[in-house]
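The next block holds one structure in the form of structure tokens; read it before the comments.
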Amino acid sequence: MSTGKYKWIGTRVDRPDGADKVTGRARFGADFNMPGQLIGRVLRSPHAHAIIKSVDTSAAEKLPGVKAVVTAKDLPEQPNVIVPAGEMQVNLRDITRNILAREKVLFEGHPIAAVAATTDAIAKQAVELIKVEYEVLPHVIDVTEAMKPGAPVLHDHLITEGVKPAPTKASNIAKRMDNTKGDFEAGLKQAEIVVEREYTTQAVHQGYIEPHATLASAAEDGQVQLWSTTQGHFQVRGFVSRLLGIETSQIRVTPSEIGGGFGGKTVVYLEPIAVRLSQKSGKPVKMVMTREEVFRASGPAPGGTVRVKLGAKKDGTIVAAECEIALQAGAFPGSPLGPACWTSFACYDIPNIKVVGFDVVSNRPKVAAYRAPGAPISAWGVESTLDVLALELGMDPIDLRLKNAAKKGTKTSYGPTFDTIGFVETLEAVKKSAHYKTPPKPGYARGVAAGFWFNVGADSSAASHVAEDGTVTVISGNPDIGGSRASLALMAAEELGVDYSKVRPIIADTSSIGFNFVTGGSRVTFATGLAVVNSVRDMIRELKVRAAKTWGVDPDAVIWEDGVAKPAGSNVGEFEPLTLSQLAATAGKTGGPINGHAQLNAQGAGPGFGVHVVDLKVDRDTGCVHIDRYTAAQDVGTAIHPSYVEGQIQGGAVQGIGWALNEEYIYNAKGRLDNAGFLDYRMPVASDLPMIDALVVEVPNPHHPYGVRGVGEVPIVPPLAAVGNAVARSINIRMTDLPLSPPRLSAAIDAATPKMAAE
Amino acid sequence: MAKMHITTTINGEPTEFLCDPQQSMLDVLRDNLGLTGSKEGCGSGDCGACSITLDGRLVCACLMLAPEAEGKKIETVEGIAKGDQLHPLQKKFVEFAALQCGICTPGVLVAAKALLEKNNNPTETEVRFWLAGNLCRCTGYDKIIRAVMDVAADMRGAAR
Ligand code: FES
Ligand code: FES
């Protein structure tokens with residue numbers, strides 16, 4: 001690790017919010033209450049696809065205790081305009097319809113109306129009193145079905161984008177996109193071996209344990225306060241402003257502690273409704289989703305189909321690669337298709353690449369970002385096909401990847417040329433690892449796969465304040481979803497040369513710090529970290545000015561070192577160093593409070609690469625997979641707080657294992673979700689897993705003062721194929737459809753086993 | 001419907017509350033008594049975020065009816081630290097980074113404490129199965145399991 005080079009960076013300090021979070025004191029979304037608050041509840045569609053003929057709320061309004069009812073009529077119509085939403089994009093016209101349905105309901109669970117009442121029981125009763133007249137329409141759930149001519153069309157206005165000439169008829173294909181490098185067809189002609197496979201994945205939910213929750217208080221003078229569990233309170237403010245027509249400065253959003261998000265809490269669902277209910281009732285309104293609502297109407301990540309074709313030389317050199325992806329967008333356009341396409345071959349230096357993608361709507365909840373959005377799906381296809389190639393060539397899977405690995409200078413199919421990256425180092429770290437050098441236990445098989453994520457920079461603001469006693473507050477605006485307070489404080493302490501315990505990181509509300517883009521895309525430690533470092537540098541500049549004033553010298557004659565101001569050289573004069581607390585004590589005489597500020601649009605987020613290795617066995621009778629050993633290696637740039645870096649890698653890997661083995665949205669014939677609960681939507685539990693060895697590789701990002709790369713997204717990318725490749729080597733059957741659940745595996749094993757006639 | 005008057009003990013404090021007969025213990029803790037440390041992740045007994053102990057037995061507060069608290073002893077996450085002293089499990093969870101978002105942490109701590117009170121020498125498999133009812137989506141469980149095992153080792157060391 002980085003210890004040695006730095007004093008604080010690379011150490012495993014206690015997180016600043018640790019005590020709060022182990023005692024139950026930390027306040028999460030549902031833990032906020034206000035005197036006189038009402039409880040809001042949502043009426044949701046029981047149908048997958050239907051025209052709303054009428055909504056009659058009169059009986060609900062008459063119920064004693066009901067203080068307000070809202071329907072889509074209470075939200076102004078929105079223009080057909082695309083705006084960024086976290087790592088994804090949304091159309092304002094669509095998002096207002098996702099929050100409250102207008103002409104049609106497009107998925108089971110689609111909100112139609114909401115009520116606020118004095119108690120939860122009354123609110124629930126009122127919801128049942130709302131009468132909706134539907135004209136039920138045929139629905140379509142599956143992507144392949146939705147793409148067929150003659151499929152029920154969700155949006156009459158939806159003309160496929162990216163096709164020339166533009167189609168004249170509406171369809172469910174919202175967009176076609178492609179990116180190419182070289183000439184795929186020509187490249188394929190040079191190939192000595194060609195492999196091609198088709199794959200599917202199912203929709204999966206982010207699975208954060210804390211349901212969406214919000215508390216809204218709209219005052220009579222037009223000011224609005226919101227407390228919300230979100231990955232981006234500035235984004236909540238922006239959407240509430242746009243969707244309700246309230247000036248941004250009138251809205252103050254305070255983020256609660258957030259109980260997981262993984263991309264799924266970059267979307268607004270409840271907030272505009274709660275604000276509108278509060279405006280109409282004149283009372284604060286609290287809304288919390290049930291787990292069932294979370295499954296039916298928030299998230300999920302898309303499922304999709306992937307076809308991959310690889311052409312290679314006998315020595316393993318890949319000369320041509322093609323990937324075709326179709327992703328579920330859910331009820332409205334906008335799946336993470338771009339990242340799915342762009343990441344598909346990003347790990348490899350291949351001269352000829354062709355990638356085509358389709359964004360497809362169907363009667364499912366609108367998808368949301370989920371950790372490296374889109375990337376695990378294309379990687380499932382690409383990394384599985386690479387394994388087929390490795391087996392056919394008789395090549396070690398790491399060697400095959402090393403042979404084709406992207407390096408500094410490799411041009412990607414989507415445009416950029418890589419600067420310093422650590423894919424080769426990560427592959428080599430795995431090759432040298434104790435795990436890889438030890439053969440799997442008898443009966444177990446090994447799978448390997450790699451993964452890539454760009455990592456994100458974007459807008460951040462930060463401020464640093466010196467308190468009267470010389471301790472420091474560092475203020476930023478990104479909810480801490482997994483230990484970022486500690487990472488930011490470590491960088492501030494390092495920069496300032498003071499003890500970590502003297503730096504207090506604070507997450508400010510939308511009115512107390514400048515704009516910050518969402519906590520997502522693995523950007524906080526990188527981009528907000530950069531803003532924090534710059535704000536500390538700004539503060540140091542001021543500290544030097546104050547020392548200069550104290551000594552009566554020029555500010556340029558002062559340096560800041562190890563937490564004290566010193567004369568730059570002996571020619572400046574003989575002065576005792578001034579500490580932070582000394583400078584703070586005299587601040588009133590030298591120019592007032594000492595603060596620093598920074599704002600930036602961070603560029604140069606260093607891409608991250610991961611390589612995972614898993615040893616597992618398949619029980620041939622039950623189809624159950626038992627994982628014996630798992631190693632996840634990743635280039636993290638610099639591990640600011642190694643424990644939280646490892647934690648990101650371990651957590652991401654396990655989410656990927658869940659995606660590979662069990663998790664899926666299961667629909668019945670009526671287009672209703674059959675497994676909207678943690679019992680039937682099977683996420684990994686402690687007894688499913690071994691320890692996850694996080695192998696941290698550090699190839700510093702040249703575009704960050706401490707070499708930070710984002711960490712959180714990459715680890716969910718490799719596990720799907722790592723598990724699938726191990727399963728293929730275990731049972732000699734190449735499974736192409738996720739999840740590799742016990743019923744699916746045992747069916748595949750049975751189908752491949754010659755009938756034992758005698759028995 | 002008439003409210004029920006319940007007399008119980010919560011984290012050692014004699015406590016009385018009024019509740020509806022069908023109200024869950026979790027709702028009473030969170031909404032009536034302001035003990036919001038116990039979390040609701042599912043409301044159906046599947047996530048363990050609401051874990052409490054009832055007369056020493058680990059239960060899901062979301063599945064328990066509040067009137068069942070009558071005459072019993074309840075322990076929640078708020079009762080784990082003693083005064084200004086964190087419990088060894090709490091300290092170790094922070095030290096080992098056994099929490100990321102922290103929403104599962106109250107339930108995991110209550111469950112882990114209940115395990116160690118029964119068995120201070122659990123195997124890794126025993127810890128994994130004991131905590132199988134506590135979903136954590138952030139950590140992949142690795143650091144949670146290590147923290148619990150380490151506290152158990154410390155406890156045995158101290159007992160020696
Ligand atoms: S809330 Fe009780 S088990 Fe999930
Ligand atoms: S730390 Fe987030 S769910 Fe466990």
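The values are calculated or read from the model by the stated rules, or taken from the named source; none is laboratory data. Worth saying up front: this structure is predicted, and the values here are computed from it rather than measured. Quick reminder, even Gly has a Cβ in these numbers, built from the backbone with ideal geometry, and neighbours come from all protein chains shown. Note: areas computed on protein heavy atoms with side chains; ligands, DNA, RNA excluded. Shrake-Rupley method; radii C 1.70, N 1.55, O 1.52, S 1.80 Å.
By the equivalent-ellipsoid construction on the alpha carbon gyration tensor, segment A:457-602 comes out with semi-axes of 30, 14, 13 Å, ordered largest to smallest. Summarising the overall dimensions of segment A:290-333 from its C-alpha atoms, the Rg and Dmax are 18.0, 55 angstrom.
Based on the Stokes-Einstein relation at 10 °C and a viscosity of 1.306 mPa s, and on the Kirkwood radius from alpha carbon pairs, segment A:1-159 is assigned a translational diffusion coefficient of 81 µm²/s. In the structure displayed, which of A:LYS124/B:LYS39; A:LYS617/A:LYS670; A:LYS104/A:LYS124; A:LYS5/A:LYS502 lie more than 32 Å apart, Cα to Cα? From A:LYS124/B:LYS39; A:LYS617/A:LYS670; A:LYS104/A:LYS124; A:LYS5/A:LYS502, over 32 Å: A:LYS617/A:LYS670. Counting only residues at least eight positions apart within a chain, or on another chain, the aspartates and glutamates with an alpha carbon under 14 Å from that of A:LYS62 are A:GLU128.
Within chain A, antiparallel bridges make up roughly 75 percent of the DSSP beta bridges whose residues both belong there. Summed over both chains, the accessible area lost when A and B associate is about 3800 Å², using a 1.4 Å probe. The convex hull drawn around the Cα atoms of chain B, when projected onto a plane and averaged over every direction, covers 9.4 nm². Coupling constants for segment A:421-435 follow from the phi torsions by the Karplus curve (6.51 cos²θ - 1.76 cosθ + 1.60, θ = phi - 60°), and in residue order they are 10, x, 5, 4, 4, 5, 4, 5, 4, 5, 4, 7, 5, 4, 4 Hz; glycine and proline get x. Near the amide H of A:ALA602, under 5 Å away, which other amide H atoms are found, from residues 5 or more places off or on another chain, if H is placed in the peptide plane? Under 5 Å from the amide H of A:ALA602 lie the amide H atoms of A:ALA458, A:ASP459, A:SER460, each far enough along the sequence or on another chain. For segment B:4-79, a Kirkwood hydrodynamic radius built from all Cα pairs, placed in the Stokes-Einstein relation at 10 °C and 1.306 mPa s, yields a translational diffusion coefficient of 134 µm²/s.
Can you compute the helix-only [θ] at 222 nm over chain A? Use -39500 (n - 2.57) per DSSP H run of at least 4 residues, normalise by all residues, nearest 500 deg cm²/dmol. About -8000 deg cm²/dmol. Beyond 21 Å in Cα-Cα separation lie the following of the pairs A:LYS403/A:LYS431; A:LYS53/A:LYS280; A:LYS169/A:LYS354; A:LYS189/A:LYS407; A:LYS148/A:LYS265; A:LYS407/B:LYS143: A:LYS53/A:LYS280; A:LYS169/A:LYS354; A:LYS189/A:LYS407; A:LYS148/A:LYS265; A:LYS407/B:LYS143. Distance between the pseudo-spin-label points of A:ALA752 and A:GLU392 (7 Å out from Cα toward the beta carbon): 1.7 nm.
Taken over the alpha carbons of segment A:628-749 as equal point scatterers, the Debye sum produces base-10 log I(q)/I(0) values at 0.12 Å⁻¹ of -0.55.
Taking all protein chains as shown and a probe of 1.4 angstrom, A:SER58 keeps an accessible surface of around 50 Å².
The mean count of C-beta atoms from other chains within 10 Å of the C-beta of residues in A:473-485, rounded to a whole number, is 2. Note on segment A:484-532 and segment A:174-191: Cα centroid distance 42 Å, given to the nearest whole angstrom. Taking all protein chains as they are arranged and a probe of 1.4 Å, the heavy atoms of A:HIS597 leave approximately 100 Å² accessible to solvent. Each part reduced to its alpha carbon centroid, segment A:457-483 and segment A:18-45 end up 25 Å apart. Across peptide A:646-655, the average count of Cβ atoms from other chains found within 10 Å of a residue's Cβ is 5.
In this simple spin-label model, placing a label point 7 Å from the Cα along the Cα-to-Cβ direction at both B:LYS82 and A:ASP221 gives a separation of 5.1 nm.
Using θ = phi - 60° in the Karplus curve 6.51 cos²θ - 1.76 cosθ + 1.60, the 3J(HN,Hα) couplings for segment A:306-320 round to 9, 10, 10, 10, 10, x, 9, 7, 5, 7, x, 5, 7, 9, 8 Hz; x is entered for Gly and Pro.
Kirkwood hydrodynamic radius of segment A:96-139, from the reciprocal of the average inverse Cα-Cα distance over all distinct pairs: 11.9 Å. What the Cβ-Cβ distance of A:GLU161 and A:ARG744 gives, at R0 = 35 Å and to the nearest 0.05, is a FRET efficiency of 0.50. For segment A:432-454 versus segment A:66-100, the inter-centroid distance based on Cα atoms is 46 Å.
Expressed as a fraction of 2.2 N^0.38 Å, the value expected for a compact globular protein of N residues, the C-alpha radius of gyration of segment A:147-214 is 1.77. Both radii come from the Cα set of the protein assembly as shown: Rg as radius of gyration, Rh as Kirkwood radius; their ratio Rg/Rh reads 0.97. Its Kirkwood hydrodynamic radius, worked out from the mean inverse distance over all distinct Cα pairs, puts segment A:34-121 at 14.4 Å. B:MET4 contributes about 70 Å² of solvent-accessible surface, heavy atoms of the protein only, 1.4 Å probe. Within segment A:67-108, all pairs of alpha-carbon atoms sorted by distance into 5 Å bins from zero give the percentages 5, 21, 26, 22, 16, 7, 2, 0. Taking the average, over residues, of other Cβ atoms within 10 Å as the packing measure, peptides A:605-612, A:165-172 rank A:605-612, A:165-172 from highest down. Using every pair of distinct Cα positions in segment A:416-480, the Kirkwood expression returns a hydrodynamic radius of 17.4 angstrom. Across segment A:287-296, rounded Karplus estimates of 3J(HN,Hα) from the backbone phi angles (6.51 cos²θ - 1.76 cosθ + 1.60, θ = phi - 60°) give 9, 9, 6, 7, 4, 4, 5, 4, 5, 6 Hz, Gly and Pro being marked x. The listed residues A:THR160, A:THR248, once ranked by accessible area (1.4 Å probe) with the largest placed first, stand as A:THR248, A:THR160. In plain terms, if you count all Cα to Cα distances in segment A:196-348 and split them into 5 Å steps from zero, the share in each step is 2, 9, 15, 16, 14, 11, 9, 7, 6, 5, 3, 2, 1, 1, 0 percent. Rounded to the nearest 0.05, what FRET efficiency is calculated for A:ASP621 and A:ASN732 with R0 set to 22 Å and r the Cβ-Cβ distance? Computed FRET efficiency for A:ASP621 and A:ASN732 comes out at 0.85. Here segment A:1-73 yields Rg over Rh of 1.32, to two decimals, using C-alpha coordinates and the Kirkwood radius.
When +1 charges are put on Lys and Arg Cβ atoms and -1 charges on Asp and Glu Cβ atoms, the dipole computed for segment B:88-156 relative to its Cα centre reaches about 100 debye. The mean number of Cβ atoms from other chains found within 10 Å of a Cβ in peptide A:682-695 is 6, as a whole number. The Cα-based radius of gyration and maximum Cα-Cα distance (Dmax) for segment B:88-156 are 10.5, 30 Å. In this calculation the C-beta distance from B:ASN11 to A:ASP178 is compared with R0 = 35 Å, giving a FRET efficiency of 0.05.
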